[in-house]
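So the structure is just underneath, and the comments pick up after that.
Each value in this text was obtained by applying a stated rule to the coordinates, not by laboratory testing. Please read all numbers here as calculations on a predicted model, not as lab measurements. Here the Cβ is made from the backbone with ideal geometry for all residues, glycine too, and neighbour counts use every protein chain on show.
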Amino acid sequence: MLPQGPIADFLNHDWVQFWLLPGLAALALAILAGIADRRRLRRNRPDAVGWVPWQGIGFWSSFAALLLLGAALRGWLNAP
């Protein structure tokens with residue numbers, strides 16, 4: 001059964017599906033990468049180096065979130 005009501009009407013807008021939801025996902029990834037990078041910097045054993053480049057992931061996901069959420073804001077302001 002598909003959701004009905006005001007939330008379903010909100011989610012049916014193109015700017016929500018194409019810009020807001022991916023922007024929020026990129027923002028969540030940026031926050032996760034920031035937390036993981038902070039853990040990496042404060043590790044107890046300096047020899048236990050990880051293989052995931054959290055700093056780069058955090059930067060590029062923050063950049064993507066900025067662009068996507070900016071486009072979502074523009075779509076929201078221009079929505080009928």
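For helix 54-77, what angle does its Cα long axis make with the longest principal axis of the chain, in degrees from 0 to 90 and rounded to 10? In the chain, helix 54-77 runs at an angle near 10 degrees to the longest axis. In this simple spin-label model, placing a label point 7 Å from the Cα along the Cα-to-Cβ direction at both Arg42 and Arg74 gives a separation of 3.8 nm. For the chain, relative contact order (Cα pairs under 8 Å, six or more residues apart, normalised by length) works out to 44 percent. Taking the helices alone, the chain has a mean residue ellipticity at 222 nm of -21500 deg cm²/dmol, built from -39,500 (n - 2.57) per DSSP H run of at least 4 residues and averaged over all its residues.
Rounded to two decimals, the Cα radius of gyration of the chain over 2.2 N^0.38 Å is 1.50.
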